[in-house]
Amino acid sequence: MIVRTLKEITGTDRDKKAANGNWVSRRFLLAKDGMGFSFHETTIFAGTETRIWYKNHLEAVYCVGGRGELERLDTGEIIPISDGTMYALNGHEPHLLRASEDMRLVCVFNPALVGTEDHNKDGVYATPEEETGRA
Ligand code: 9YT
């Protein structure tokens with residue numbers, strides 16, 4: 001059994017800050033934990049817009065605090081996000097994620113993240129193999 005607290009993770013290598021300063025991701029479960037998915041709490045900072053395209057991953061996101069919106073780049077649809085909203089990117093949908101208030105999101109990734117992932121200029125996370133090869 002694995003038990004971890006936010007306090008234990010904060011400030012370790014499981015506490016990943018985006019290079020562009022838009023978000024911080026506390027990565028409770030990673031590929032090396034062997035669960036078949038990774039599990040994170042992400043805060044998206046107020047006033048930011050992040051381009052995301054998880055072409056190598058599926059992601060489910062559940063908002064537990066704050067407010068923002070997602071703009072689908074494939075359809076133009078705008079989806080409001082607040083406490084209690086879940087979205088799942090089951091079609092690798094490219095999108096912009098905007099926070100009007102700091103947004104707290106619980107996120108699950110399949111395949112599991114290795115732990116060092118940050119978005120490239122297209123909003124993509126590398127595959128686990130590519131990311132591991134970088135280290
Ligand atoms: C919702 C989303 O994808 N935010 C970017 C960070 C990501 N959730 C992560 O790496 O934890």
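Each value in this text was obtained by applying a stated rule to the coordinates, not by laboratory testing. Only a predicted model underlies this, so the values are computations on that prediction, with no experimental measurement involved. Backbone-built Cβ (ideal geometry, glycine too); neighbour counts: all protein chains shown.
Test of the criteria: in segment 37-110, which GluC sites (Glu not before Pro) are in a DSSP loop and have at most 11 other Cβ atoms within 10 angstrom of their Cβ? Answer in residue order: E77.
Reducing segment 84-99 and segment 108-124 to their Cα centroids gives an inter-centroid distance of 14 Å.
Residue exposure proxy: S38, S100, ordered by other Cβ atoms within 10 angstrom of their Cβ from fewest to most, comes out as S100, S38.
The helix-only estimate of mean residue ellipticity at 222 nm for the chain, built from DSSP H runs of length n ≥ 4 each weighted as -39500 (n - 2.57), is -1500 deg cm²/dmol after division by the residue total. Of F39, T75, V61, which is farthest along the charge dipole of the chain in the positive direction, counting Lys and Arg as +1 and Asp and Glu as -1 at C-beta? Farthest along the dipole direction, towards plus: F39.
Can you tell me which of P80, P111, P94 moves the most in a GNM of the chain? Springs connect C-alpha atoms under 10 Å apart. For the chain, modelled as a Gaussian network with Cα springs under 10 Å, the answer is P80.
Springs between Cα atoms under 10 Å define the GNM used for the chain, and in it the highest mean-square fluctuation of I79, I52, I44 occurs at I79. Its relative contact order, with pairs defined as Cα atoms under 8 Å and 6+ residues apart, puts the chain at 29 percent.
The aspartates and glutamates within cross-link reach of K7, meaning a Cα-to-Cα straight distance under 14 Å and a gap of 8 or more places when in the same chain, are D15, E41. Using Cβ point charges alone (K and R +1, D and E -1), the dipole size of the chain about the Cα centre works out to roughly 340 debye.
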